[in-house]
Amino acid sequence: VVAAARLLAVLAACALAAWTTPGASAAFSGEQRLLVMRITWGPEPFPDAMVQDVVFSQTDAFMRASSFGKTWIAGEQTPWLHVLSVQPVCDTRLIAEAGRSAAQAAGYDLTRYNRYAFLFPRVTCWWSGLGGGDTIFLNGQLSRKLVAHELGHTYGLGHAKSWDCVGRSCTESEYGDPYDTMGGGQGDFNAFEKTQLGWITSTLTAAHDGLYTIDRPDRSSTLPQALVVETARTDYWFENRQEDVPSFGGVLPTGVLVRADGRPDTAPAVRALPEVTLLLPNAAGPGRAALQPGQTFGVQGTFAVTVETQLDGQAALRFRWADGTAPAAPKILTPSPRVARRGALEVTWSQASETGSGVAGYDVSLDGAPAMLVQPGFALSPLARFRMPPRGAHRVTVRAVDRAGNRGKAAVRRFVVGKTTR
Ligand SMILES: [Zn+2]
């Protein structure tokens, strides 16, 4: 117990909070003042009324609904500006420069806008739309889906991908999410994306076995709107998708969708900050993405989630860990066997190998004192700092504990505190 008093501070190597609460930043909100610059060398394929309807009516309505009224689109379109002498090559810089100077010459004050669209007849490019920074390019196509997708990029969203597996062989499909406007779909942004944008502010993180109730993500709610299961390789996002998403003349099945926010085969040691989602198209069985009441999605050796009920948009999800394997012992890096008696005692170790639920924390103990919990950082060596113990022989132990509660073997480092290092 005396040893516990020596404890100066125990610090995580870096902030875990930025990782687990992407919605903590300020919400993407307010009026988006968009200028649509129509530029051409001759053809004028999109009339005023169509631009008005697609951009300032349909896309505006989509953004208002998706953000629960937090953001919307205002602005205007230029007439067709005959600024190009011939059909240009696929060069966005050239198109943007020509469009901007033509709009300014026509009397538009570009500083009054914070979003810019260049709309032109079909040019030979590999893309029909591009979006980034504050600017989007619409190449011979104009639809609510395309405009919302490209604007979504300017809001900071990536693509809604899928993780397509045939047997044990899996690949990422760049636009593979058939529900999501940021993927191949027509529907709303997903719960991960809305959390990134600060539109959804309440999600549940599965910590213990139990029942978790979530509301659908496409409408405003006071309840949590997703269940997040953190594991060693990736996080899994469960959302209850109940609106009709059109697809090939029909609608996609409704139900609980499962997405990963990184490749599910990522080695735990090289995980990076999540940026995009990958829908699991077979979560409810071959070719079926949407879980119905009674169905279970599980990751072998890690966890399982069963949809118990789905009523009025609220889904009750039964979560349980299925990880019976403890993390390996970490490797202690410091202190070295002989330590000079000055400054603080820094204990560092390499991340313990753990491929199931993932390391929740490390129990670190100096000379058998009650262990202190250190949360793992992101791809850095974790660190615990103690007040330097007196001269003589000491012992520090570090043990990893996974999210499912399995305690790994302790790593032990014996060291001697002396006058100076030799
Ligand atoms: Zn895109």
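Out of Gly152, Gly131, Gly99, I need the residue that is open to solvent by 20 Å² or more (accessible area, probe 1.4 Å) and of a type outside the set (Phe, Trp, Tyr). Which one? Steps first, answer last, please.
Numbers: Gly152 fails: open to solvent by 20 Å² or more (accessible area, probe 1.4 Å); Gly99 fails: open to solvent by 20 Å² or more (accessible area, probe 1.4 Å).
Answer to the selection: Gly131.
Within the range 174-192, the residues that satisfy the criterion of being open to solvent by 20 Å² or more (accessible area, probe 1.4 Å) and in contact (Cβ under 8 Å) with a residue 60 or more places away in the chain are Gly176, Pro178, Gln186.
Within the range 66-80, identify whether any single residue is β-branched (Val, Ile, Thr) and in a strand (DSSP E or B), and answer yes or no.
First, the residues of the range 66-80 that are β-branched (Val, Ile, Thr): 71, 73, 78.
Then keep just the ones that are in a strand (DSSP E or B); that gives 71, 73.
Within the range 66-80 (the criterion being β-branched (Val, Ile, Thr) and in a strand (DSSP E or B)), the answer is yes, since at least one residue qualifies.
For the range 135-240, the strands (runs of 3 or more DSSP E) that sit wholly inside it and include 3 or more residues that are away from the ligand (no atom under 16 Å from the Cβ) are 160-166, 169-173, 210-215, 227-230.
Residues checked against (1) hydroxyl-bearing (Ser, Thr, Tyr); (2) closer than 28 Å to Asp402 by Cβ:
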{"position": "Gly298", "(1), (2)": "no, yes"}
{"position": "Gly301", "(1), (2)": "no, yes"}
{"position": "Val305", "(1), (2)": "no, yes"}
{"position": "Gly313", "(1), (2)": "no, no"}
{"position": "Phe319", "(1), (2)": "no, yes"}
{"position": "Pro330", "(1), (2)": "no, yes"}
{"position": "Thr334", "(1), (2)": "yes, yes"}
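Based on what the data block shows, is Arg100 out of contact with any Lys or Arg (no Cβ under 6 Å at 6 or more places or on another chain), at pLDDT 95 or above, within 20 Å of Trp72 (Cα to Cα) and basic (Lys, Arg)? Taking the combined requirement at face value, the residue does not satisfy it.
Can we say Ala289 is touching a Pro at 6+ places or on another chain (Cβ under 9 Å), open to solvent by less than 70 Å² (accessible area, probe 1.4 Å), closer than 20 Å to Gly185 by Cβ and part of a loop (DSSP other than H, G, I, E, B)?
Answer is yes for this residue.
For the range 301-322, enumerate the residues that are in a strand (DSSP E or B), touching a residue at least 60 places away in the same chain (Cβ under 8 Å) and open to solvent by less than 50 Å² (accessible area, probe 1.4 Å). Walk me through how you get there before you give the answer.
Within the range 301-322, the first condition is being in a strand (DSSP E or B), and the residues that meet it are 303-311, 314-321.
Applying the additional criterion that residues be touching a residue at least 60 places away in the same chain (Cβ under 8 Å) yields 303, 305, 308, 310, 314-321.
The answer is Phe303, Val305, Ala315, Ala316, Leu317, Phe319, Trp321.
Run down Ala117, Ala106 and say which single residue is of a type in the set (A, V, I, L, M), more than 12 Å from the ligand (Cβ to nearest atom), closer than 25 Å to Ala27 by Cβ and touching a strand residue (DSSP E or B) at 6+ places or on another chain (Cβ under 8 Å). Before the answer, list the steps.
Details: Ala106 fails: closer than 25 Å to Ala27 by Cβ.
From the options Ala117, Ala106, the qualifying one is Ala117.
The values are calculated or read from the model by the stated rules, or taken from the named source; none is laboratory data. Please read all numbers here as calculations on a predicted model, not as lab measurements. All Cβ positions, glycine included, derive from the backbone under ideal geometry; neighbour counts span all protein chains shown. Surface accessibility is based on the protein's heavy atoms, side chains included, excluding ligands, DNA and RNA. Shrake-Rupley method; radii C 1.70, N 1.55, O 1.52, S 1.80 Å.
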